[in-house]
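Undergrad: Let me give you the structure first, and then I'll get to my questions.
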Amino acid sequence: MRISFADARPSAAHALALVVAPGTLDGTALGSLPDAAQALARTAAKALRFDGEAGAVVEYFAEADGANRRLLLVGLGSKTDFEKAGAALVAKLLTSGETTLVVDISGVAGSKAAEAAAAVASGAMLRSWRYDTYRTKLDAKQRPSLEEVVIVGGGAEAEARWAAASAVVEGVAFTRELVTEPGNIIYPESFVERCRPLEALGVKIEVLGRDAMAALGMGALLGVAQGSARPPQMLVMRWEGAESSKAPVAFVGKGVTFDSGGISLKPGGGMEDMKWDMGGAGAVAGAMKALALRKANANVIGVCGLVENMPDGLAQRPGDVVTSMSGQTVEVINTDAEGRLVLCDALTWVQKNYAPKTIVDLATLTGAMIVALGHEYGGLFANDDLLADQLLAAATASGDRLWRMPLGDAYDKLIDSPIADMKNVGPREAGSITAAQFLKRFIDEGVRWAHLDIAGMVWASKPGTTWDKGATGYGVRLLDRFVADNFEN
Ligand code: BES
Ligand code: MN
Ligand code: ZN
């Protein structure tokens, strides 16, 4: 789908949408329509109980701008949510048969017209994303028809605003693609290959294979990988957008390209969901793409620990003891608690090699996180209150919401092991917190660290505001915003 901006409504064939703030239907909102189309709009709005609620849409046909056409009213809601309006229109029209949608925001957005236009464009593009690669039999009416969205009234700055916003939209799309692809297509090596094109955007890529990781002593990560025919990879992406004296921030993603559970095999029902157990790594890759596309003025390192968790004859056993790169030993009680084993070595590696002062890891780490927060918030764990507040602020601003969870010594004790330095699972209670405590044991003194357990956020079973059902792209906008607000000045 294409986005364009215009100063006046075109005359060719298109659907026309007007944005409506609550309580303005009887005032100026419809003033640009001919009288008959205005009257019909008011009748339709009344019949459909529409009064400009966020994302609500009225659809009818009337004569306007010289032709009979599909007309839509879309609500902005009390928070003047242009993104939601753009998304709602596209959700309605994507497979409607219309090829062009004109969204007229003239007069509604005031001094923030450019920002509003870019928000409509973001919402439209995000909501139009779908992945039809493997659908060879879609009939004509199931195929997307919408090719272009023209936004009218954004003013001279709209294009520039969209240039930055579209970088983030492309990052989200990249993450969704990685998350959507099944485990036979995206495995550690092919994940790396999908990220290779980021080099052309200026991202520096470094890859550690099995031998390199063995030489570094990454026994925790390698233990997970050892039951799979697919070799593990550690993918390191660096965006150096600021002077080299500026300390980098590091993002570390769990990239379990398929999580069968290993010898602690998961039950069959729903196991296919575990293709998206690389959603943390996917978010890191998408964020790196967004930052590079908009040439962010920051130094950012993205590390993805990529493994497949499988139960072959060489697989690690419950009870095995592995030695992590940090030197700490881990008793593997449950091979299905593999994410923390992958992340701990990635965390040690990035601290040893790049000494970041701030680290944020993202992981679909625990089912317990979904039990606690459902699909509304990712869980945030942090060893630093300022960092937690920065992430919470970015979460609110970006729409990728977070809720802070506790850490503490009483939880930490729960993963002490009788044979090794720690075990990889605690009791059933507080399962997300003990997972976070495990990771915390690998963070050096003085490093600000946050762990985001995004198990409930990367995949949606029903459509949301800016996504269809499936991969949401959660985390990209959050990380982009976090960098923009805290590391680019
Ligand atoms: N990838 C899963 C967590 C998960 C489960 C994410 C469901 C999304 C949906 C993780 O590797 C896992 O298996 N965790 C176990 C930990 C347990 C063995 C302590 C879990 O949550 O059951
Ligand atoms: Mn698991
Ligand atoms: Zn997992």
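The values are calculated or read from the model by the stated rules, or taken from the named source; none is laboratory data. As the structure is a computational prediction, the values presented were derived from the model and not from experiment. A quick note on method: Cβ atoms are made from the backbone with ideal geometry, for glycine too, and the neighbour counts reach across all protein chains shown.
Undergrad: Going by what's in this entry, would Ala85 be described as out of contact with any Asp or Glu (no Cβ under 6 Å at 6 or more places or on another chain) and either within 30 Å of Ser398 (Cβ to Cβ) or at pLDDT 95 or above (or both)?
TA: Working: out of contact with any Asp or Glu (no Cβ under 6 Å at 6 or more places or on another chain): yes; either within 30 Å of Ser398 (Cβ to Cβ) or at pLDDT 95 or above (or both): yes.
The answer is yes for Ala85.
Undergrad: To continue, here is another question. Return a yes/no flag: does the stretch 385-395 have any residue that is within 16 Å of ligand 1 (Cβ to nearest atom) and out of contact with any helix residue (DSSP H, G or I) (no Cβ under 8 Å at 6 or more places or on another chain).
TA: no
Undergrad: Which number in (1) surrounded by fewer than 19 Cβ atoms within 10 Å (Cβ to Cβ); (2) closer than 28 Å to Ala484 by Cβ; (3) touching a Ser or Thr at 6+ places or on another chain (Cβ under 7 Å) marks the one condition that Leu126 misses?
TA: The failed condition is (1).
Undergrad: Further, regarding this structure: Within the stretch 201-208, is there a residue that is of a type in the set (A, V, I, L, M, F, W, C) and either more than 24 Å from Lys289 (Cβ to Cβ) or surrounded by fewer than 13 Cβ atoms within 10 Å (Cβ to Cβ) (or both)?
TA: no
Undergrad: Name the residue that is farthest from ligand 1 (Cβ to nearest atom), counting only residues in the stretch 337-367 that are surrounded by 24 or more Cβ atoms within 10 Å (Cβ to Cβ), among the charged types (D, E, K, R) and part of a helix (DSSP H, G or I).
TA: Top of the filtered list is Asp345.
Undergrad: Moving on. If you check every pair at least six apart or on different chains, which have Cβ atoms under 6 Å apart with a residue in the stretch 418-430 that is over 17 Å from Leu407 (Cα atoms) first and a residue that is crowded, with 22+ Cβ neighbours inside 10 Å second?
TA: Ala420/Val330; Lys423/Ile415
Undergrad: Of the residues Ser264, Ser260, which is within 16 Å of ligand 1 (Cβ to nearest atom) and either within 30 Å of Ala173 (Cβ to Cβ) or not assigned by TED's automatic domain parsing to the domain that holds Thr366 (or both)?
TA: Criteria check complete, one pass: Ser260.
Undergrad: Does Met288 satisfy the criteria of being touching a Phe, Trp or Tyr at 6+ places or on another chain (Cβ under 8 Å), within 16 Å of ligand 1 (Cβ to nearest atom) and either outside any loop (DSSP other than H, G, I, E, B) or modelled with pLDDT of 95 or more (or both)?
TA: no
Undergrad: Being aromatic (Phe, Trp, Tyr) and within 12 Å of ligand 1 (Cβ to nearest atom), is that true of even one residue in the stretch 228-246?
TA: No, the conditions are met nowhere in the stretch 228-246.
Undergrad: Among the numbered criteria (1) away from ligand 2 (no atom under 12 Å from the Cβ); (2) assigned to a strand (DSSP E or B), which single criterion is violated by Phe258?
TA: (1)
Undergrad: Another question, then. Of everything in the stretch 225-259, what is buried (at least 24 other Cβ atoms within 10 Å of the Cβ), within 16 Å of ligand 3 (Cβ to nearest atom) and of a type in the set (S, T, N, Q)? Give them in sequence order.
TA: Matches in the stretch 225-259: Thr257 only.
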